[in-house]
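A.B. asks: Here's a structure for you.
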Amino acid sequence: MDYRTLLVKKHGHVAIVTFNRPKERNALNTDMMADIEKITEEFNEDVETRVVIFTGAGNNFSAGVDLKDPRQAEALAGPLIVRQRQYHIGPRLIRKLAEMNQITIAAIDGVALGGATCIATALDFRIGTNKCKIGYPEVNLGIPLSWISLPLCVHLVGPANAKRMVILGKQEDPQTLLKWGFLDAVVPDNKLMKRAMDMAEKYAAQAPVAAQMIKRSINAIMSSHDQAIMHMDSDQVLLTQLSGDFKEGIEAFFQKRDPEFKGN
């Protein structure tokens, strides 16, 4: 299958999926999110591929949701039911990534922000370069983290570090994220894909049926209450979009200044 925003290469039992909008720092526009959904569905039918590596073209994993995407802007300016459906895309995407049969690895260089960080947490493992920066900037727009991804962050780094990451909205450095358990390894940028392939080949050499059953069982243990807690996180974002702080956050983002939130 051809994709508008992804490159796909297969090496035996390992596939590499590359987000391919390097000029936009691989920002997640409508086309890319649709492509990622489609490729998870294709892998569901693929019994030969045992491990999938996700990475970004150029110097970045992904800068997160593309706030300049006209199709997203049009949807979010429409009726409430249209906006609600638009916000359901992210959670659906994260569920599909988390439920992939294959072992999945994020190979992260440059920035991974917002929705891209959510994608990384939905995967099984994360390798970062010593230059990567990872964070959740949603709070800087006056909105909470959504995409059913708050529990994924808590599972990886614990409650206190999750509060720091999500409430402060800063880009964390790789050594801090390695210490917290968010990253599984940190490597020089010219060693990223070699390390990812080395890890992928080890998992691809395991008995696939057993490995995939173990993955599903561990995910079920860790996420048994996640959906009950986060089933309305998209609606929370819709609510906060009615606030003055959201308007201020968006204006500050495009004006490249710090927002001045007033709690209204």
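A.B. asks: Of the residues that make up the range 129-144, is at least one under 26 Å from residue 245 (Cβ atoms) and among the charged types (D, E, K, R)?
C.D. replies: yes
A.B. asks: Working carefully through the options 110, 142, 114, 158, find the one that is on the phi > 0 side of the Ramachandran plot and either free of Cβ contacts under 8 Å to residues at least 24 places away in the same chain or hydrophobic (A, V, I, L, M, F, W, C) (or both).
C.D. replies: Exactly one residue qualifies, and that residue is 158.
A.B. asks: While we're here: Could you list, in sequence order, all residues of the range 249-259 that are assigned to a loop (DSSP other than H, G, I, E, B) and either within 10 Å of residue 140 (Cα to Cα) or of a type in the set (Ser, Thr, Tyr) (or both)?
C.D. replies: 258, 259
A.B. asks: Which fully enclosed helices (runs of 4 or more DSSP H) of the range 133-180 have 2 or more residues being surrounded by fewer than 21 Cβ atoms within 10 Å (Cβ to Cβ) and of a type in the set (Lys, Arg)?
C.D. replies: Per the criteria, 159-168.
A.B. asks: Which pairs turn up if I take residues in the range 196-215 that are of a type in the set (Ser, Thr, Tyr) and look for partners that are modelled with pLDDT of 95 or more with beta carbon separation below 8 Å, at least 6 apart in sequence or on another chain?
C.D. replies: Partner pairs satisfying both residue conditions: 203/50; 203/51; 203/103; 203/211.
A.B. asks: May I ask you to verify whether residue 236 is part of a helix (DSSP H, G or I), closer than 24 Å to residue 146 by Cβ and out of contact with any Gly (no Cβ under 6 Å at 6 or more places or on another chain)? Give the steps one after another, and end with the answer.
C.D. replies: Working: part of a helix (DSSP H, G or I): yes; closer than 24 Å to residue 146 by Cβ: yes; out of contact with any Gly (no Cβ under 6 Å at 6 or more places or on another chain): yes.
Spelling it out, residue 236 is indeed part of a helix (DSSP H, G or I), closer than 24 Å to residue 146 by Cβ and out of contact with any Gly (no Cβ under 6 Å at 6 or more places or on another chain).
A.B. asks: Just one of (1) farther than 23 Å from residue 58 by Cβ; (2) without any contact (Cβ under 8 Å) to a residue 40 or more places away in the chain trips up residue 172, so point out which.
C.D. replies: Single failed check for residue 172: (1).
A.B. asks: Cβ-Cβ below 7 Å, separation at least six or inter-chain, first residue in the range 221-239 and surrounded by fewer than 16 Cβ atoms within 10 Å (Cβ to Cβ), second among the polar types (S, T, N, Q): which pairs?
C.D. replies: So the pair list comes out as 236/146.
The values are calculated or read from the model by the stated rules, or taken from the named source; none is laboratory data. The shown structure was predicted, so the numbers you read here are calculated from the model rather than taken from an experiment. Every residue, glycine among them, receives a Cβ derived from its backbone with ideal geometry; neighbour counts consider all protein chains shown.
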